[in-house]
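**Student:** Quick one: the structure is below, questions incoming.
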Amino acid sequence: MTGLWKALLVLLSHVAIVLGIAAKARYDRDTLPRAWVKTVPADPDHPLRGRYVRLVLQVGSCGPAPVGTAPARMLVRDGKLCAEAAPDEPYGPTLVSGPGGTRLAGEVMFYIPEHAEDPSRRPHGEELWVEVAVSEHGLPRPIRLGVKKSDGPIVEIR
């Protein structure tokens, strides 16, 4: 096998990996339950991380919800993201209780283009929301961002 064939084989394997990841993400978006979740953003600019907004999701309870180091299972009920105790899943996400309510201990990341305005900086009276796809295992996956003004509807940020 010549060097050209080896290079083409490596190229095709990389293309197959990228297409497989894209197909999995598309399949998840089409099949997993989705919900809008109120979020608290963190600083999006970081030299090693790039232009990602770190989002801390505020979560409701679907029953006895664990707080602290106990694992949780994320569910969508009545269009809202909620958590319930999941002792059978030792590596499930954990929740933290604080003055703003219950939230995920981990953060989800949402990519923003390099020259786009930072969507996490909102004027007073506006809340940042994120639509997430919720899998049975692991953290919810962010799909798109939205803004909610007082009692109005959630409007997608484009």
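**Student:** Under 25 Å Cα to Cα from K149, which lysines show up? Leave out anything in the same chain fewer than 8 places away.
**Tutor:** Counting by Cα, and skipping residues close in sequence, K149 has these lysines nearby: K38, K80.
**Student:** Sort the following peptides by mean Cβ neighbour count (other Cβ atoms within 10 Å, averaged over residues), highest first: 140-150, 105-115. Intermediate results must be reported in sequence, preceding the final value.
**Tutor:** On the way: 140-150: 17.1, 105-115: 13.8.
The packing order, highest mean first, is 140-150, 105-115.
**Student:** Please work out how much length the chain gains when fully extended from S135 to L12, using 0.36 nm per residue of separation minus the C-alpha to C-alpha distance, in nm with one decimal.
**Tutor:** Full extension of this stretch gives 41.3 nm more.
**Student:** Okay, next question. So what is the 222 nm mean residue ellipticity for the chain from helices alone, if each DSSP H run of at least 4 adds -39500 (n - 2.57) and you divide by all residues, rounding to the nearest 500 deg cm²/dmol?
**Tutor:** Taking each H run of at least 4 residues, the total per residue is -6500 deg cm²/dmol.
**Student:** At a Förster radius of 30 Å, what calculated FRET efficiency corresponds to the Cβ-Cβ distance of A23 and T2, to the nearest 0.05?
**Tutor:** That pair, A23 with T2, gives E of 0.45.
**Student:** Angle check, please: helix 3-31 long axis (alpha carbons) against the longest principal axis of the chain (alpha carbons), in degrees 0 to 90, nearest 10.
**Tutor:** Tilt of helix 3-31: around 20 degrees.
**Student:** Return P(r) of the chain (all Cα-Cα pairs; 5 Å bins starting at 0; whole %; ordered from short to long distances).
**Tutor:** Going out from 0 Å in 5 Å bins, the chain shows 1, 9, 15, 17, 17, 15, 10, 6, 4, 3, 2, 1, 0, 0 percent.
**Student:** With θ set to phi - 60°, apply the Karplus curve 6.51 cos²θ - 1.76 cosθ + 1.60 along segment 80-90 and write out the HN-Hα couplings as whole Hz, x wherever there is a Gly or Pro.
**Tutor:** The phi angles translate into 10, 7, 9, 10, 9, 4, 9, x, 7, 10, x Hz.
**Student:** So for the chain, taking the charge dipole from beta-carbon charges (+1 Lys/Arg, -1 Asp/Glu), which of L139, I17, S120 sits furthest toward the positive end?
**Tutor:** I17
Any read-out appearing in this document is the output of simple, stated calculations on the displayed coordinates, not a laboratory observation. Only a predicted model underlies this, so the values are computations on that prediction, with no experimental measurement involved. Positions of Cβ are backbone-derived with ideal geometry, glycine not excepted, and every protein chain shown enters the neighbour counts.
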